[in-house]
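This report refers to the structure that appears directly beneath it.
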Amino acid sequence: MVDLDKIISLCKRRGFIFQGSEQYGGLQGTWDYGPLGVELKNNVKRAWWRRVVYERDDMEGLDCAILMNRLVLKYSGHEETFSDPMVDCRKCKKRFRADQVDPNEKCPEGDKHDLTEPRPFNLMFKTTVGPVADESNISYLRPETAQGIFINFKNVLDSTNRKVPFGIAQIGKSYRNEITPRNFIFRVREFEQMEIEFFVEPGSDDEWHNKWVEDRYNWYVELGIRPENLKKYEQKKEELAHYAKATVDLLYRFFPDREDENKQYDEVEGIANRTDFDLTCHTKGGKLVLGDGREIPNTHAINKLTYFDPKSNKHYLPYVIEPSAGVDRATLAFLMDAYHEEQVNDDTRVVLRLHPELAPIKVAVLPLKKNNENIRNTAIKIKNELMKKSGWRTVYDDTAGIGKLYRRQDEIGTPFCITVDFDTLENNTVTVRDRDSMQQERVNIDELQQYLSERLGNC
Ligand code: GAP
């Protein structure tokens, strides 16, 4: 299986992902998605949205502001507890996340690090809103998209007439001032999440939790992740967040070169049963219950976030099942799983076997001879017509010989290449080449759209 270094190099070379602010030496923990990366990431988000919103009858979408009233993050518990343990080395003055530094590691100032006791470091990015930068105007960039969903529970309920069970999905940026961002786009300071809060009647929560774990696992596999690279991990009681009744993490094999097999896998998504913790925090007259037992009564919230159940004629606070995925981590997993190197004659072919739905470019139209005007014009016409009729990202390329053009498209995962040649001008047919099998078929131009639709599916 490919390691991270090869993926990083491919991403830079072919324009998937670049270091953020590279022109000025970079900004740690930030990455910019290039021409192919933005297509791939958008396709991941679109595939998720279609699966969890459009293909179900019990979901709504939402898109909330990133800047939030400070009170949201006070009553959610983030101000008080959203921190990682941090240590400093007294010798080299570097800071580390306590669980990510080996105290026996060599210090650049000689011998081992001399580490302080761990202390909490809050991961939220603080800013001020408005022209006066003082304490009363503090706000945060949201550290997760989830809170926007909880505080809009009543708005969505009232405006859609939904009945529990139903869920709300959101995709968007989140920000965490990670102490040690690392491993490419795996742990960064600015990232995107795809989160669902699914509201259920207490008592039905275990069943819904199991259903969501299965559904989310299947989504990755159906989009091409090999099952041997994706594990379900049920958190042990002592690992659970204090508000969670159960959590199953989906772990992808991001680090295949690590010796210890258990350390090869890390979280791409978590599916938690959060009980009624969040709605209790944010409801009028509710309270935040911290891990140490302290209670902070909510004296600011405007609305009750209870649900009126017409069957039982009772109001209650629904339980929440939360499937929470990282867009960047999912994108990385799809890239890693798709990467293959294979011997073709005396050559190594790099091919990204991305699911057609995720492939940044669906079809490339290539002229066999770029200096033949008829061939070139026919190829450009085919490209424009396919694009217009289907909406697929279709490109025209004549910047190299046909062999090289095929390899370029293989390396970026384009499922089909269409070659226009002299026969095209005679009999209105083109060659369609399949990325994975490299098989070529002659197809009439009038049937191209249909031929490709059958093979590209939901793109
Ligand atoms: N609302 C629950 C929540 O945010 P989380 O486990 O902290 O849970 C959910 O985050 C997902 O977001 C993770 O599984 C991961 O894919 C992604 N994620 C979290 N922190 C990240 C970071 N610093 N860089 C990239 N992705 C991150």
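The values are calculated or read from the model by the stated rules, or taken from the named source; none is laboratory data. Keep in mind the model is a prediction, meaning the values are calculated, not measured. We place every Cβ from the backbone using ideal geometry, glycine too, and count neighbours over all the protein chains shown.
Before we move on, is THR399 under 30 Å from LEU332 (Cβ atoms) and of a type in the set (S, T, N, Q)?
yes
For region 332-351, enumerate the residues that are of a type in the set (D, E, K, R) and buried (at least 19 other Cβ atoms within 10 Å of the Cβ).
ASP337 - this is the single residue of region 332-351 that is of a type in the set (D, E, K, R) and buried (at least 19 other Cβ atoms within 10 Å of the Cβ).
May I ask you to say which residue of GLY326, GLY291 is more than 21 Å from VAL200 (Cα to Cα), surrounded by fewer than 14 Cβ atoms within 10 Å (Cβ to Cβ) and either at pLDDT below 95 or within 16 Å of the ligand (Cβ to nearest atom) (or both)?
Residue meeting the stated conditions: GLY291.
Please state which one of LEU456, LEU354 is surrounded by fewer than 21 Cβ atoms within 10 Å (Cβ to Cβ), under 25 Å from LEU10 (Cβ atoms) and under 29 Å from the mean Cα position of the chain (by Cα).
LEU456
Could you tell me which of the residues LYS163, LYS173 is within 13 Å of the ligand (Cβ to nearest atom), of a type in the set (D, E, K, R) and in contact (Cβ under 8 Å) with a residue 60 or more places away in the chain?
Sole residue among the options that is within 13 Å of the ligand (Cβ to nearest atom), of a type in the set (D, E, K, R) and in contact (Cβ under 8 Å) with a residue 60 or more places away in the chain: LYS173.
Collect the residues in region 363-384 that are of a type outside the set (A, V, I, L, M) and either without any contact (Cβ under 8 Å) to a residue 12 or more places away in the chain or not in a helix (DSSP H, G or I) (or both), keeping them in residue-number order.
PRO367, LYS369, LYS370, ASN371, ASN372, GLU373, ASN377, LYS381, ASN384
Filter region 289-306 down to the residues that are in contact (Cβ under 8 Å) with a residue 40 or more places away in the chain and either of a type in the set (Phe, Trp, Tyr) or over 16 Å from PRO318 (Cα atoms) (or both) and list them by number.
Once the filter is applied, which keeps residues that are in contact (Cβ under 8 Å) with a residue 40 or more places away in the chain and either of a type in the set (Phe, Trp, Tyr) or over 16 Å from PRO318 (Cα atoms) (or both), region 289-306 yields VAL289, LEU290, GLY291, ILE296, ASN298, HIS300, ALA301.
Test each condition in (1) within 14 Å of the ligand (Cβ to nearest atom); (2) out of contact with any Asp or Glu (no Cβ under 7 Å at 6 or more places or on another chain) for ASP249 and report the one that comes out false.
The single condition ASP249 does not satisfy is (2).
Sort out which residues of region 60-81 are surrounded by 18 or more Cβ atoms within 10 Å (Cβ to Cβ), assigned to a loop (DSSP other than H, G, I, E, B) and over 24 Å from the mean Cα position of the chain (by Cα), and write them in order of number.
GLY77
Could you go through region 205-222 and let me know if any residue there is assigned to a strand (DSSP E or B), surrounded by 14 or more Cβ atoms within 10 Å (Cβ to Cβ) and not small (Gly, Ala, Ser).
no
Given the residues ASP292, ASP328, ASP347, ASP337, which is the only one that is within 30 Å of LYS232 (Cα to Cα) and out of contact with any strand residue (DSSP E or B) (no Cβ under 9 Å at 6 or more places or on another chain)?
Testing whether each residue is within 30 Å of LYS232 (Cα to Cα) and out of contact with any strand residue (DSSP E or B) (no Cβ under 9 Å at 6 or more places or on another chain) leaves just ASP292.
Could you grab me the full set of residues in region 179-224 that are more than 13 Å from the ligand (Cβ to nearest atom) and either under 23 Å from GLY34 (Cβ atoms) or in contact with a His (Cβ under 6 Å, 6 or more places away or on another chain) (or both)?
Residues satisfying the conditions are LEU223, GLY224.
Which is free of Cβ contacts under 8 Å to residues at least 24 places away in the same chain, in contact with a strand residue (DSSP E or B) (Cβ under 8 Å, 6 or more places away or on another chain) and loosely packed, with under 13 Cβ neighbours inside 10 Å, of GLU238, GLU234?
Unique residue meeting the criteria: GLU234.
Evaluate region 123-137: report whether one residue or more is away from the ligand (no atom under 12 Å from the Cβ), in contact (Cβ under 8 Å) with a residue 24 or more places away in the chain, closer than 30 Å to TYR307 by Cβ and surrounded by 13 or more Cβ atoms within 10 Å (Cβ to Cβ).
Looking through region 123-137, at least one residue is away from the ligand (no atom under 12 Å from the Cβ), in contact (Cβ under 8 Å) with a residue 24 or more places away in the chain, closer than 30 Å to TYR307 by Cβ and surrounded by 13 or more Cβ atoms within 10 Å (Cβ to Cβ).
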